[in-house]
Amino acid sequence: MKQDFQQILRGLNLKSTPKRVVLLEVLDDESVYLSPEDIWNRMKKRFRRLGLPTVYRNLEELYAGGVISRVIHPNRQLYYYLCRNEEHHHHFICVSCRRVVDVSFCAEKELQDVVREGIQGKVLSHILQINGLCRHCLQKDGAVHAY
């Protein structure tokens with residue numbers, strides 16, 4: 001299902017430029033997370049003049065607006081993924097095949113209790129990302145060594 005990316009961009013008060021729309025289309029075509037360089041290489045096929053800093057800047061704007069998700073890989077590199085689920089959830093990340101799967105479980109209430117009672121603090125936000133190997137990669141030889 002294709003989304004109306006121009007409307008999404010306008011909703012963020014961002015100009016609906018061809019490059020921003022194509023960036024979202026590149027992410028929309030994938031079920032795996034992509035690096036900024038992966039995105040840049042795919043976009044260069046459509047735009048002769050496209051700098052990698054432009055891709056980085058747009059990714060960060062879209063992430064800040066909540067349109068795309070950021071994946072923090074164990075190698076410390078940032079990757080991006082267009083998540084269509086608008087409900088509160090977290091992600092399971094396969095570090096071998098790059099598949100991203102929604103996880104609806106959240107222990108936010110318990111975390112708030114621990115922080116409030118244990119350190120007398122207050123949770124303002126939280127990020128939970130589960131890194132592992134999906135069932136397909138677990139069945140492959142050598143998948144455990146991919147990360």
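Given the conditions (1) touching a residue at least 12 places away in the same chain (Cβ under 8 Å); (2) under 20 Å from C94 (Cβ atoms), and given that D29 satisfies all but one, which numbered condition is not satisfied?
Failing condition for D29: (1).
Mind checking which residues of the stretch 98-143 are more than 20 Å from the chain's Cα centre (by Cα), of a type in the set (K, R) and either farther than 24 Å from E87 by Cβ or assigned to a loop (DSSP other than H, G, I, E, B) (or both)?
R116, K122, K140
Please verify whether R48 is more than 14 Å from the chain's Cα centre (by Cα), at pLDDT below 95 and outside any loop (DSSP other than H, G, I, E, B), treating the condition exactly as stated.
Considered against the rule, which asks whether it is more than 14 Å from the chain's Cα centre (by Cα), at pLDDT below 95 and outside any loop (DSSP other than H, G, I, E, B), R48 comes out as no.
When residues of the stretch 12-31 are filtered for being assigned to a loop (DSSP other than H, G, I, E, B) and within 16 Å of the chain's Cα centre (by Cα), how many remain?
Total meeting the criteria: 3.
Please work out which residue is modelled with the lowest pLDDT, limiting yourself to the stretch 52-75 and to residues that are more than 18 Å from K15 (Cα to Cα) and surrounded by 11 or more Cβ atoms within 10 Å (Cβ to Cβ).
H73
Where residues in the stretch 76-129 are surrounded by 12 or more Cβ atoms within 10 Å (Cβ to Cβ) and aromatic (F, W, Y), which of them is farthest from W40 (Cα to Cα)?
Among residues in the stretch 76-129 that are surrounded by 12 or more Cβ atoms within 10 Å (Cβ to Cβ) and aromatic (F, W, Y), the one farthest from W40 (Cα to Cα) is F92.
The values are calculated or read from the model by the stated rules, or taken from the named source; none is laboratory data. As the structure is a computational prediction, the values presented were derived from the model and not from experiment. Methodologically, a virtual Cβ is constructed for each residue, glycine included, from the backbone with ideal geometry; neighbour enumeration extends over all protein chains shown.
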